[in-house]
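This report refers to the structure that appears directly beneath it.
Since every read-out is calculated from the coordinates, none of them should be taken as a lab result. Owing to the predicted nature of the structure, the values given are computational and were not obtained by experimental measurement. Please note: Cβ atoms are built from the backbone with ideal geometry, for glycine as well, and neighbour counts cover all protein chains shown.
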């Protein structure tokens, strides 16, 4: 049997075999070395065996090893109380102290019981016995010092039975038994304490307290606050509207968002409009997705549209709230409002989102942000926008910035505005002559102007021919002047003669 169990490594069976054959030392050795899962059971069984043999001292040791001594040792020593008391004092175990205190209490030895309950830190039992002895002041000290819930609850019931309501409310509160404390406050008109307790308690208790204030018809602001804190927004708003509590409504409105009932949001916004709280009304209209009403309020009350507000009013393309046409119309209205308020960058963004790039460009031109204007024209790839950008750049000091001049030429070329490009080259020629006296460069600019104008598709061919003739005349005069200046050093008279031709 033994060799078979060892070969199969069934040490649990081997352990049972040793126990059954009264080989306890081998059973314990096997459990300690190979069958630790049954080690405590082995100790316990051995302790029972020793107890049956009358060897209490050894039995006690093995009950301790099996961690069953808190029950088994008092049972075993119940006939020898002195030995049991000595053992309990020696072990200094809270469970044993409590067991001994309960025994002493059952024997009506209250002073000794109090001593051991104190050692066991069983505050509930301490308070219970002090109350039984009529020493309620000592019980209150213990409950206040320890904050033990069970002790506080027991003491609260004692005070309630003696009609000491304030003390009862205090200890019910310490015990977290708020519903009992609330009950006493309602029954005894302790309205100030009731409010504080309700705010600490559950939503159900808050609603119950709110109903109490509402039924009394006094301190309705407290009823509104409690309904609000309990999450009963509709009731809180209804009561706040009925009693015209502006401050309470503001607090409630702060907790309203897109998830709130649209009807509640609309009602609150109407209230704030009536009381000239337009910005708050605006927030609620946006939360209720009343975008057109929000925009109308902005226009009527001249409210500044912030970037955050504009984004909240922007409906995504995949939204089911508005059709695509209505969405674009709303975006343009937002942009129009931004334009009136001078928020040109925001207007540009909204016009772009609405798909109206021309209006977006006009807004950007108003902003005067040259870098963004050049960038927007480059990415838009629209003829009209290229021309608008080039016209704007001409209003800058392009004479001193070659990059601006380069962009003007590029945008007019991309916009196929050859007549405008010709006019620009003509202006360049004038600058070269007036400011730099560089007739050669002026001649080159006029040559480019002639090329552009000859390729342009003019609405009036006669006007186009007239402009070409003027350009060619300028070029001829400049050419004569260049020749005259070249021969002046060798033959001044010839130079003057050429100028007089």
**Q.** Cα point-scatterer Debye curve for region 304-367, base-10 log of I(q)/I(0) at q = 0.11, 0.13 Å⁻¹
**A.** -0.21, -0.29
**Q.** Contour minus Cα-Cα distance for residue 299 and residue 202 (0.36 nm per residue)
**A.** 30.4 nm
Q) With each pseudo-label sitting 7 Å past Cα toward Cβ, what's the residue 146-residue 447 distance in nm, one decimal? A) 10.9 nm
Q. Extension gain residue 211-residue 179, at 0.36 nm per residue separation less the Cα-Cα distance, in nm?
A. 10.1 nm
Q. What whole number of Å gives the distance from the Cα centroid of region 120-145 to the Cα centroid of region 426-455?
A. 108 Å
Q: Treat each spin label as a single point 7 Å out from the Cα along the C-beta direction, and report the residue 384 to residue 480 distance in nm.
A: 4.6 nm
Q: Return a whole-number percent for the relative contact order of region 304-367, with Cα pairs under 8 Å and 6 or more residues apart as the contact set.
A: 26 percent
Q. So how much slack lies between residue 276 and residue 192, counting 0.36 nm per residue of separation and subtracting their Cα-Cα distance, in nm?
A. 26.9 nm
Q: Calculate the length of the line joining the C-alpha centroid of region 212-276 to that of region 283-347, in whole Å.
A: 27 Å
Q: For each of 106, 260, count neighbouring Cβ atoms within 10 Å of the residue's Cβ, then give the residues from fewest to most.
A: 106, 260
